[in-house]
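**Q** Quick one: this structure, given as structure tokens, is what I'll be asking you about.
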Amino acid sequence: MRFTTDQQTLEDLNIFGKHGVDSIYALFNRTYTRGGAAILEDCFRYPLADVERINQRCGLIRYFAEAAVGFPFRPETFDQAELYLANADERTKLSAGEQSLMGKVSRLIAADSEYKTIYNGVVALVEILQILRRFVEGAGVRERPATGAGSGVDARSGAGLYRTEQEAIVALLAEPALQPLMLDDHKGKLSFENVAQYDTVLRFRHRDIIRRLLQHIYQLDMYISVAKVARDRGFSFAEALPKERHFIRLEGVYHPQVSSAVPNTLDITPDSNVIFLTGANMAGKSTFMKSLGIALFLGHAGLPVPAAKMVFSVRDAIYTTINLPDDLGMGASHFYAEVLRVKKMARELSLGKSLFVIFDELFRGTNVKDAYEATVALTTAFAGRRDSMFVISTHIIEAGEVLGERNPNISFVYLPTRLREGVPVYTYTLEKGVTADRHGMVIIQNEGILDILKNGKPKLTKNETV
């Protein structure tokens, strides 16, 4: 079974971004080549639900992070190589026999843009192949001892995993027809004869080998560039467990796009598979839930996570409902959009899937009485699905009292607000229990809104400008 999610979740977590906002993908995309960027995008678009594959990818990236391996190629050579390889028309193949006409056509060749593209592509590929050989046969990839830090596949195992790719590259480079290219120092300009000879090998006779080698390099680009992001940002490497464990341990998880984000720690098990989150407005509930969703998404992609440590059982899908819009096209209210969203989750659960589900302020689109009754009923139903995990936030604290009596596997946590000289102060740090914090009127009064309505234009606060 493959891992799934949906557009609502991708938008909630800002995986690919919209309206010019930097995305999680953009945060990771420091690749040197277009091919590397495409492979990284595939990691984001098609997360994994296979424990072994997740841990293998994670171990490979961790190896390159700990080895601090740099990308040994000049990025611009790949654009030249790809432009060259894109033309597979046999009519453009160079022939060494044309040398007999060199006295007449050399001036034309020098001005021929098609020949320049071929020449630049050949030179670029000769350089790429020679660097690749030095990388795989020399000091580029070496086995390093595991550091013992973090979890998941360790660096030594990651080096062993890459050795399989390394051996595949060496085998491709051993093609006899490529050996003259490997030995050509081309310190001066390549002769027409050499270009024609190499063109036949690279673009026609062994095109498939060249494409496969480039794909190995693009894969290497992804490993190295993502490893550098992890190293620079202090991300960790998660360990995936079998789905049947139904367990998540997140230590020091935080939102990677929030400046000075406060880390939190959370455990989810079959005995506490529902997290019931309360807190005042602005206390950080939405940001915390997004940080959970992003970490779980990245973990399933086999990518580094913004946390001190993460161990998780793979899920069949992740679904979030954080910034749910009204469906104006079908005339649906926000409440009905919420109902349809819950219905989708119910259908997924009915198929026996193990889900990770986030609902931010469940049923905010209806009146308090309906919201209370619906929150109690649905949270109770979710609690009965111990093979899935749910994080639900609400302002209806009364629901928490009833749920705590009925469901021992619901874990109650809150994000507190402290009043300091009449001003709300937020810790953004989880505490156990349910909070009745409500400071909306305090904020309204501190902003002088009622005074504006009563007396006219007030003095500006420290956060305002004219």
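**Q** How big is the shadow of the Cα convex hull of the stretch 251-376, averaged over all directions, in nm²?
**A** 9.3
**Q** Could you give the nm distance between label points at THR265 and THR92, where each point is 7 Å from its Cα heading toward the beta carbon?
**A** 6.0
**Q** Now for a separate question. Pop the C-beta distance of LYS189 and GLN215 into the FRET formula with R0 = 22 Å and round what comes out to the nearest 0.05.
**A** About 0.15, to the nearest 0.05.
**Q** Here's a follow-up. With a 10 Å radius around each residue's Cβ, average the other Cβ atoms per peptide and rank 62-73, 205-216, highest first.
**A** Numbers: 62-73: 20.6, 205-216: 15.5.
Those peptides, ordered most packed to least, come out 62-73, 205-216.
**Q** Multiplying the sequence separation of PHE247 and ALA436 by 0.36 nm and subtracting their Cα-Cα distance, what value in nm do you get?
**A** Stretched out fully, the PHE247 to ALA436 stretch lengthens by 65.1 nm.
**Q** Report, in listed order, any pair from LYS353/LYS432; LYS344/LYS369; LYS290/LYS343; LYS228/LYS432; LYS93/LYS189; LYS228/LYS353 with a Cα-Cα distance greater than 25 Å.
**A** Listed pairs above 25 Å: LYS353/LYS432; LYS228/LYS432; LYS228/LYS353.
**Q** When ranked by the protection proxy of mean other Cβ atoms within 10 Å per residue, highest first, what sequence do the peptides 315-325, 411-421 form?
**A** 315-325, 411-421
**Q** At q = 0.17, 0.18, 0.20, 0.32 Å⁻¹, what log₁₀ I(q)/I(0) does the stretch 1-48 have when each alpha carbon counts as one equal point scatterer in the Debye sum?
**A** For the requested q values the scattering log ratios are -0.53, -0.59, -0.71, -1.20.
**Q** A further question follows. Can you give the FRET efficiency for VAL258 and ASP6, using 1/(1 + (r/R0)^6), R0 = 22 Å, r = Cβ-Cβ distance, to the nearest 0.05?
**A** Calculated value: 0.35.
**Q** Something else about it: If you add up the charges near THR366, with Lys and Arg at +1 and Asp and Glu at -1, over every other residue whose beta carbon is less than 12 angstrom from its beta carbon, what do you get?
**A** Working: positive: ARG364, LYS369; negative: GLU338, GLU361, ASP370, GLU373.
Value of the local net charge: -2.
All of the numbers you see were taken from the coordinates with simple rules; none came from a lab. Everything numeric here is computed off the predicted structure, so don't read it as measured data. In this analysis, Cβ positions are derived from the backbone assuming ideal geometry, glycine residues included, and neighbour counts consider all displayed protein chains.
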